[in-house]
Structures are given as structure tokens and as C-alpha cells.
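K.L.:
Just passing along the structure, written as C-alpha cells.
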Amino acid sequence: MAYVALSEAEKTYILHGVEDDFRCDGRSRRDYRPMELETGLVSNASGSARLRLANTDILVGVKTEIDVPNPLTPEFGKLEFFVDCSANATPEFEGRGGSDLAQELVLSLQNAYESPLAFDYRTLCLIPGQQCWKLYIDILILECGGNLHDAVSLAAKAALFNTKLPRVTATLLDAGITDLIISDNPYDCTRIGIETVPLLVTVCKIGDYCLVDPSAEEEVCSTVSVVVSVSMRNGEPFLSGTHLTGGGAMHRDTMRNCLQLGLSIGEHLNQLLTKMLKLEQERVGPKRPKTVGFLK
């Protein structure tokens, strides 16, 4: 996270606002800041999305390639995350300053997507034990304004929804060799189901209260936070992972309250994000243009 210098009076002001359920920007403890989401921005990527959460700006691109499945999971595809912290986001990211934060975000996403119930890796398999899709999810942090875990997971899920996989057909050649034919028609593609793809919800503890979507200033006032990974199964939220950030400790009752708050907020975010992505798809495409003439 970006370092923000605060005086003791400013920290006390933020603490009192959290206690009164009236934060510095007018939000309650359960409210998110204004959010803007765009998809399909990077033309040379299979899918992309850009998310602006107040002062936090995230750009995600998805690249695809055909690879060989892992021998231990021959029916599963592959997913790989990479996070780059731009030096323009904050001066602390210059040089290798953002490497620790990038590694933390990668581990959080990998843990959230690790379970087959959170992400169906079988949909990426082409020929069991021989060929599969491998997705490279590249995440670029353009600006850091707090709550990176939530912003990164929202942008990654939107980019996966925007990802188009070319349709692949298999042909059996001599000697039992299988040849893959990839369609070059941009409209002949398949989509990735994101119904169970998890979202990360950061529940921050300030004083005796828990809140979501902490700003950079509120993160300075917190000693410990819980990152809750929430996925949907049959319309119900379930916990697919969790971990603590910060150097503080947390009572078990507070931990239980944080998990319940994270599940509730995660379910609401999943519903809103899925609804808006489907509305955008219906509004802007993809639609096959009507062909005229003899070249049909």
C-alpha cells in the first residue's frame, strides 16, 4: 500500500468517524467508494478491463495460449497471475519497492482461485492429458488509493468475463496423433463462465469496529485487516479463502464478525458486477455484423 503521513490528530479524527459510522468521505462502514469499470480496452489481448475505485486505478489484460496440462491434473487448464506496480502509482514503487506488494497480491489471487469450486479449470481443458488453455492474467497498478485487493479481484473477474477463447476442433491424424484447428473467425469463440469466480473483500479493523473499502488514510489507522475470498455456489456465497494482513492480532469474535461482513458484502458485489457486465455485453455486443454480397 502507499504510505500516507498522518498526524495523531488526523488519526483520532478518522477513528471517531468510524465509531460514529460516518467516515471522512461521508460513507458508512459498509459502503464502497464510487467505482468505474471498462472492458475491452486492450486490442491485442484476449480480454481486458480497467477499474477505477476512487483514486485506485487497475488495468488487467488476459493472454491465452495452448499448453500441456499438469500430469497431476490432466483434465485441468492453467491460470497464472502477474502483478506489476507502476512507479507512477506512488514513489514507494520505484525500483523494486512494489515487489513485495505485487507478490502479496499474486498469492492472494492464487489462493482464492486454487479451489476447483471457485474456478472451474475443466473448462480450459481441450484434450485431457495433452492440450489445454493457459491464461496469463497481467495486472498493472496505475494508481494506488487504498483497497488494492478488492480492486484487483474485481478487475480480474471483469477481464475474465471479457476474455474470448477461439473455438478449437480436434482432428485425428495417422498414428493416433491429434491435430488442433483453431478458428480464425473473431466471432467464433467461447466465453469463460464467471459465476463461481471469487472476489476479494478486505475487512479493515479500526478501533473496535470493522469496515470495508478502506481508503489509503484509513489503512494507516488500521493494525490488522482480513482479506475474505467470496465465491458464489448455487446462488449462495461461500468462503473460498481468507488471510490476515498487517502486524496486529484479532479476537475470535471480531474475526467471526469480519467473515460475516465479508460474505455479505461479497455476495452483494458479485450480484452487482455480474448484472452490470451482462448489461454491457447486451448493449455493445458482441454481435456478428450482417454480411452482404457474395462473400458470405
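K.L.:
Applying the selection to the range 245-276, what residues are closer than 24 Å to residue 105 by Cα, at pLDDT below 90 and of a type in the set (A, V, I, L, M)?
P.N.:
249, 250
K.L.:
Moving on. Consider the range 72-95. How many of its residues are more than 14 Å from the chain's Cα centre (by Cα), open to solvent by less than 60 Å² (accessible area, probe 1.4 Å) and in contact (Cβ under 8 Å) with a residue 40 or more places away in the chain?
P.N.:
Count: 10.
K.L.:
Moving on. Condition test on residue 280, is it open to solvent by less than 90 Å² (accessible area, probe 1.4 Å), closer than 26 Å to residue 62 by Cα and either modelled with pLDDT under 90 or assigned to a loop (DSSP other than H, G, I, E, B) (or both)? Walk me through how you get there before you give the answer.
P.N.:
Working: open to solvent by less than 90 Å² (accessible area, probe 1.4 Å): yes; closer than 26 Å to residue 62 by Cα: yes; either modelled with pLDDT under 90 or assigned to a loop (DSSP other than H, G, I, E, B) (or both): yes.
In short, yes.
K.L.:
State whether one or more residues within the range 36-44 are β-branched (Val, Ile, Thr), in contact with a strand residue (DSSP E or B) (Cβ under 9 Å, 6 or more places away or on another chain), without any contact (Cβ under 8 Å) to a residue 60 or more places away in the chain and under 30 Å from residue 79 (Cβ atoms).
P.N.:
Within the range 36-44, the subset β-branched (Val, Ile, Thr) is 39, 42.
Of the ones still in play, those that are also in contact with a strand residue (DSSP E or B) (Cβ under 9 Å, 6 or more places away or on another chain) are 39, 42.
The next check asks that each one be without any contact (Cβ under 8 Å) to a residue 60 or more places away in the chain; those that pass are 42.
Okay, now just the ones that are also under 30 Å from residue 79 (Cβ atoms), so 42.
Yes; the residues of the range 36-44 include at least one that is β-branched (Val, Ile, Thr), in contact with a strand residue (DSSP E or B) (Cβ under 9 Å, 6 or more places away or on another chain), without any contact (Cβ under 8 Å) to a residue 60 or more places away in the chain and under 30 Å from residue 79 (Cβ atoms).
K.L.:
State which residue is most open to solvent (accessible area, probe 1.4 Å) when the search covers only the range 1-34 and only residues that are under 13 Å from residue 151 (Cα atoms) and in contact (Cβ under 8 Å) with a residue 40 or more places away in the chain. Write out each step before concluding.
P.N.:
At the first step, the residues of the range 1-34 found to be under 13 Å from residue 151 (Cα atoms) are 1, 32-34.
Subset that is in contact (Cβ under 8 Å) with a residue 40 or more places away in the chain: 1, 32-33.
Details: 1: 117, 32: 49, 33: 21 Å².
Applying the filter and picking the extreme gives 1.
K.L.:
I want to confirm something. Restricting to the range 96-130 and keeping residues that are under 26 Å from residue 232 (Cα atoms) and among the acidic types (Asp, Glu), which single residue is most open to solvent (accessible area, probe 1.4 Å)?
P.N.:
This residue is 114.
The values are calculated or read from the model by the stated rules, or taken from the named source; none is laboratory data. Here the structure is a predicted model, which is why all the values come from computation and not from measurement. Quick reminder, even Gly has a Cβ in these numbers, built from the backbone with ideal geometry, and neighbours come from all protein chains shown. SASA here: full protein model, heavy atoms, side chains in, ligands and nucleic acids out. Shrake-Rupley method; radii C 1.70, N 1.55, O 1.52, S 1.80 Å.
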